[in-house]
Amino acid sequence: MSQKKLEGKVAVIADVCTPLGAATAKRFAEEGARVAFFGPCEECGQKTLEEIKAAGGEVIYGKVDITDEAAVHEFIDSAAEEFGPVTVAVCMQTDKTEKPFEELTDDDWNEVMERDGLGPIYVFDTVIEYMKKARTGSFLKVLGPNGGKQPDVCVAFDAYFSGGWKMLTECMSMEWAPWGVRSNSLEVGIVDDGTKEWTTEEIYTKQSPDGLRRPASIDEIVATILFLSSDDSSYMTGQNVVANGGNLARSFVRDTWEVGGTEFKREFEGGSYNTGMKWGE
């Protein structure tokens with residue numbers, strides 16, 4: 001029987017209020033970690049807590065908003081007191097608005113800055129001291145879908161915050177590598193979390209037609225999160241790992257493609273890449 005991948009580790013998972021976050025917490029417990037997770041949705045948190053306990057896992061849940069710095073510090077410190085030093089930390093992605101860029105308000109930007117910009121820093125600021133003392137640790141920031149590469153869907157927040165976190169985790173990796181602490185980011189694409197039915201048109205609007213042409217399953221993304229958080233990736237740090245079904249392979253030189261005899265067309269306001277028209281004409 002193979003050894004569990006997180007045996008003996010204490011893991012903090014932040015802002016768990018989505019099916020992906022809950023699935024990550026459950027998988028970490030299955031792999032032997034003592035799991036401390038938090039998020040603002042008590043109903044979701046309690047449900048995940050009960051499922052992990054029923055499966056024999058060691059787990060703590062806290063109704064904590066990641067924007068509350070004092071509460072984040074207090075929760076992580078209490079988890080470390082009960083379970084031991086934290087050696088794994090994962091901050092899940094934040095849902096963001098898809099308003100057109102010119103409609104974004106200061107409140108929109110400030111809200112996401114608090115949750116996706118500062119919140120994970122509060123987590124890292126607490127766990128790093130435990131990791132330094134243990135001389136080992138893994139910090140992972142999960143980034144939102146598309147990362148600003150989609151021209152016909154507004155992803156201004158993803159472009160801004162994904163780009164920032166890619167650079168920040170790289171800088172963090174260089175600073176903390178002497179203590180054996182790793183820091184990486186994971187850029188995911190669209191995920192079928194069971195909350196909706198995906199049509200072909202929706203998939204091709206949010207993913208490159210030159211990619212896998214399907215959403216990821218939750219298990220696929222959780223497996224990647226587990227890999228980056230475990231010793232299986234012990235020599236990887238300062239990396240942005242991309243699991244988006246090939247969205248980086250987008251071809252911008254064509255606006256139509258055919259699948260199963262059906263033609264799909266992407267149209268751009270102001271003209272397409274194939275017509276030779278310039279934007280704004």
Next item on the list: With no solvent and one equal point scatterer placed on each C-alpha of segment 22-77, evaluate the Debye formula and give log10 I(q)/I(0) for q = 0.25 Å⁻¹, two decimals.
Entry: -0.95
Item checked: Neighbourhood net charge (11 Å Cβ-Cβ; Lys/Arg +1, Asp/Glu -1) for GLU74 -> -4
Note to self: List the pairs from LYS63/LYS133; LYS26/LYS166; LYS166/LYS196; LYS5/LYS26 whose alpha-carbon separation is above 19 Å, in the order I gave them.
What the structure shows: LYS63/LYS133; LYS26/LYS166; LYS166/LYS196
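Can you list, largest first and rounded to whole Å, the semi-axes you get for segment 23-148 by taking the square root of 5 times each eigenvalue of its Cα gyration tensor? Spell out each step's value before the answer.
On the way: eigenvalues 148, 61, 37 Å².
Equivalent ellipsoid semi-axes, largest first: 27, 17, 14 Å.
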Check: In square angstrom, what is the accessible area per residue of segment 54-143 with a 1.4 angstrom probe?
Finding: 48
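The values are calculated or read from the model by the stated rules, or taken from the named source; none is laboratory data. What you see is a predicted model, and the numbers here were worked out from it, not measured in a lab. Heads up, the Cβs are rebuilt from the backbone with ideal geometry, glycines too, and the neighbour counts pull from every protein chain shown. We work out accessible area using only protein heavy atoms, side chains counted, and drop any ligands, DNA or RNA first. Shrake-Rupley method; radii C 1.70, N 1.55, O 1.52, S 1.80 Å.
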